[in-house]
1. Report, by residue number, each residue of the range 81-98 that is exposed (fewer than 10 other Cβ atoms within 10 Å of the Cβ) and over 16 Å from the mean Cα position of the chain (by Cα).
2. Scan the range 51-108 residue by residue and report those that are farther than 24 Å from Ser35 by Cα, touching a Phe, Trp or Tyr at 6+ places or on another chain (Cβ under 8 Å) and among the hydroxyl-bearing types (Ser, Thr, Tyr).
3. Taking the stated definitions as given, is Leu38 closer than 24 Å to Lys97 by Cα and within 17 Å of the chain's Cα centre (by Cα)?
4. Please indicate, with yes or no, whether at least one residue in the range 62-77 is out of contact with any Leu (no Cβ under 6 Å at 6 or more places or on another chain), surrounded by 11 or more Cβ atoms within 10 Å (Cβ to Cβ) and in contact (Cβ under 8 Å) with a residue 12 or more places away in the chain.
5. Restricting the search to the range 12-64, which residues are part of a loop (DSSP other than H, G, I, E, B) and aliphatic (A, V, I, L, M)?
6. Step by step: first the residues of the range 78-106, then only those that are among the small types (Gly, Ala, Ser) and either touching a residue at least 12 places away in the same chain (Cβ under 8 Å) or part of a loop (DSSP other than H, G, I, E, B) (or both), then the one that is farthest from Tyr20 (Cα to Cα). Which residue is that?
7. Could you give every pair whose Cβ atoms fall below 7 Å, whose first residue belongs to the range 35-47 and is in contact (Cβ under 8 Å) with a residue 12 or more places away in the chain, and whose second residue is assigned to a loop (DSSP other than H, G, I, E, B) and surrounded by 10 or more Cβ atoms within 10 Å (Cβ to Cβ), counting only separations of at least 6 or pairs across chains?
8. For residues that are surrounded by 14 or more Cβ atoms within 10 Å (Cβ to Cβ) and free of Cβ contacts under 8 Å to residues at least 60 places away in the same chain, tally how many sit in the range 2-19.
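The numbers here are math on the coordinates, done by the rules we state, and not lab data. Predicted model only: the values in this text are computed from it and were never measured. With ideal geometry, Cβ positions are generated from the backbone for all residues, glycine too; neighbour counts draw on all protein chains shown.
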Amino acid sequence: MKGKPNATHGISFDDFVLAYLKGKKPGFADVGAQSKFLETQPNGTGITHLFKYEEQHKLQDFLSQRLNVSFDLKQENVSPQISQTLSPEIEERFRRKCADEFEIYDSIK
C-alpha cells in the first residue's frame with residue numbers, strides 16, 4: 001500500500017493515534033471502533049467469546065476443544081515491527097476519549 005492515501009508508512013504510533021482521535025479522520029486512521037463492531041444486533045445476535053489478539057494460544061485452545069481438532073497456524077501477511085509506545089500525554093488523551101474501547105480490552109480474560 002506504500003504510496004496510497006491509506007498507507008501508514010512513515011507515520012509514528014503517536015501520529016496515528018492523534019489522527020484516529022480526530023472528528024474527521026484521514027483514511028489511514030479511519031479504522032472503526034471495536035465497541036461499535038461488538039455491539040449486540042437488533043435481532044439479539046452478539047459476541048459470546050472474545051480473545052486478545054496477542055494471546056492467540058487462548059483462541060487456538062478454545063477452537064481445538066470446541067471443534068475437537070488440532071491445527072498449527074502460521075503467520076502470514078505480517079506488518080513490519082514498529083514502536084507502539086505512546087507518549088504519556090497522547091496515551092492519557094486516547095484513554096479518556098476512547099474509554100469504552102479500553103474497558104472492552106481490559107474486560108477480556
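1. Passing the criteria: Pro88, Glu89.
2. Ser64, Ser83
3. So Leu38 fits the description; yes.
4. Yes: the range 62-77 contains one or more residues that are out of contact with any Leu (no Cβ under 6 Å at 6 or more places or on another chain), surrounded by 11 or more Cβ atoms within 10 Å (Cβ to Cβ) and in contact (Cβ under 8 Å) with a residue 12 or more places away in the chain.
5. Leu21, Val31, Ala33, Leu38, Ile47, Leu50
6. The residue in question is Ser79.
7. Note: pairs meeting the criteria are Leu38/Ile47.
8. Within the range 2-19, residues that are surrounded by 14 or more Cβ atoms within 10 Å (Cβ to Cβ) and free of Cβ contacts under 8 Å to residues at least 60 places away in the same chain number 5.
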